[in-house]
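Report on the structure given below.
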Amino acid sequence: MNKNKELLFGVAYYFEYLPYDRIDQDIKMMQEAKINIVRIGESTWSTYEPQDGVFDFSKLIYTLNKMRDAKISVIVGTPTYAFPTWLARKFPEV
């Protein structure tokens with residue numbers, strides 16, 4: 001809940017798709033644009049769970065830490081529309 005009654009102004013941000021580490025530059029631009037919240041995770045879940053039961057949250061944690069340090073709030077999404085390929089192969093009905 002937004003206790004400060006501050007207008008939430010945000011973007012979707014997918015560090016996992018970037019070809020190189022530019023998160024500091026992106027955060028600087030977000031701050032200049034007065035962005036105070038980002039949505040991450042839902043379309044990049046397969047990078048966190050590339051195989052059934054195999055998890056690597058390092059990029060997610062890295063992004064969360066960077067956003068925390070910049071005082072930008074985060075919404076972490078689940079893979080409702082971009083579930084991992086292994087899941088579709090194992091459970092075609094999804």
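If VAL38 meets every condition in (1) exposed (fewer than 13 other Cβ atoms within 10 Å of the Cβ); (2) touching a residue at least 24 places away in the same chain (Cβ under 8 Å); (3) not in a loop (DSSP other than H, G, I, E, B); (4) not aromatic (Phe, Trp, Tyr) apart from one, which number is that one?
Condition not satisfied by VAL38: (1).
Pick from ASP21, ASP26: which is surrounded by 11 or more Cβ atoms within 10 Å (Cβ to Cβ) and either among the aliphatic types (A, V, I, L, M) or closer than 13 Å to LYS66 by Cα (or both)?
On the way: ASP21 fails: surrounded by 11 or more Cβ atoms within 10 Å (Cβ to Cβ).
Sole residue among the options that is surrounded by 11 or more Cβ atoms within 10 Å (Cβ to Cβ) and either among the aliphatic types (A, V, I, L, M) or closer than 13 Å to LYS66 by Cα (or both): ASP26.
Considering every residue within the range 70-80, establish whether at least one is in a helix (DSSP H, G or I) and of a type in the set (Ser, Thr, Tyr).
From the range 70-80, those in a helix (DSSP H, G or I) are none; that's our starting set.
No: zero hits.
Of all residues in the range 13-35, how many are aliphatic (A, V, I, L, M), assigned to a helix (DSSP H, G or I) and either within 29 Å of THR85 (Cα to Cα) or under 11 Å from the mean Cα position of the chain (by Cα) (or both)? Before the answer, list the steps.
First, the residues of the range 13-35 that are aliphatic (A, V, I, L, M): 18, 23, 27, 29-30, 33, 35.
So of that shortlist, the ones also assigned to a helix (DSSP H, G or I) come out as 23, 27, 29-30.
Cutting the leftovers down to either within 29 Å of THR85 (Cα to Cα) or under 11 Å from the mean Cα position of the chain (by Cα) (or both) gives us 23.
Result for the range 13-35: 1.
Right, GLN51: more than 10 Å from the chain's Cα centre (by Cα), within 30 Å of PHE91 (Cβ to Cβ) and of a type in the set (S, T, N, Q) or not? So that I can check it myself, show each step before the final result.
Details: more than 10 Å from the chain's Cα centre (by Cα): yes; within 30 Å of PHE91 (Cβ to Cβ): yes; of a type in the set (S, T, N, Q): yes.
Here the answer is yes, as GLN51 does meet what is asked.
A quick yes/no check of all residues on (1) in contact with a strand residue (DSSP E or B) (Cβ under 6 Å, 6 or more places away or on another chain); (2) hydroxyl-bearing (Ser, Thr, Tyr):
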residue: GLU6; (1), (2): no, no
residue: TYR17; (1), (2): no, yes
residue: ARG39; (1), (2): yes, no
residue: TYR48; (1), (2): no, yes
residue: PHE55; (1), (2): no, no
residue: VAL74; (1), (2): yes, no
residue: TYR81; (1), (2): no, yes
residue: ALA88; (1), (2): no, no
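How many residues does the range 41-69 hold that are on the phi < 0 side of the Ramachandran plot, of a type in the set (Gly, Ala, Ser) and in a loop (DSSP other than H, G, I, E, B)?
Of all residues in the range 41-69, those on the phi < 0 side of the Ramachandran plot come to 42-52, 54-69.
When the remaining residues are screened for being of a type in the set (Gly, Ala, Ser), the result is 43, 46, 58.
If we keep only those that are in a loop (DSSP other than H, G, I, E, B) as well, we get 43.
Within the range 41-69, residues that are on the phi < 0 side of the Ramachandran plot, of a type in the set (Gly, Ala, Ser) and in a loop (DSSP other than H, G, I, E, B) number 1.
Taking the range 66-90 on its own, how many of its residues are surrounded by fewer than 11 Cβ atoms within 10 Å (Cβ to Cβ) and under 15 Å from the mean Cα position of the chain (by Cα)?
Looking only at that region, the number is 3.
Taking VAL94 as meeting all but one of (1) in contact with a helix residue (DSSP H, G or I) (Cβ under 7 Å, 6 or more places away or on another chain); (2) surrounded by 10 or more Cβ atoms within 10 Å (Cβ to Cβ), write down the number of the exception.
(2)
Each value in this text was obtained by applying a stated rule to the coordinates, not by laboratory testing. Bear in mind the structure is a predicted one, so any value in this text is a computation, not a measurement. In this analysis, Cβ positions are derived from the backbone assuming ideal geometry, glycine residues included, and neighbour counts consider all displayed protein chains.
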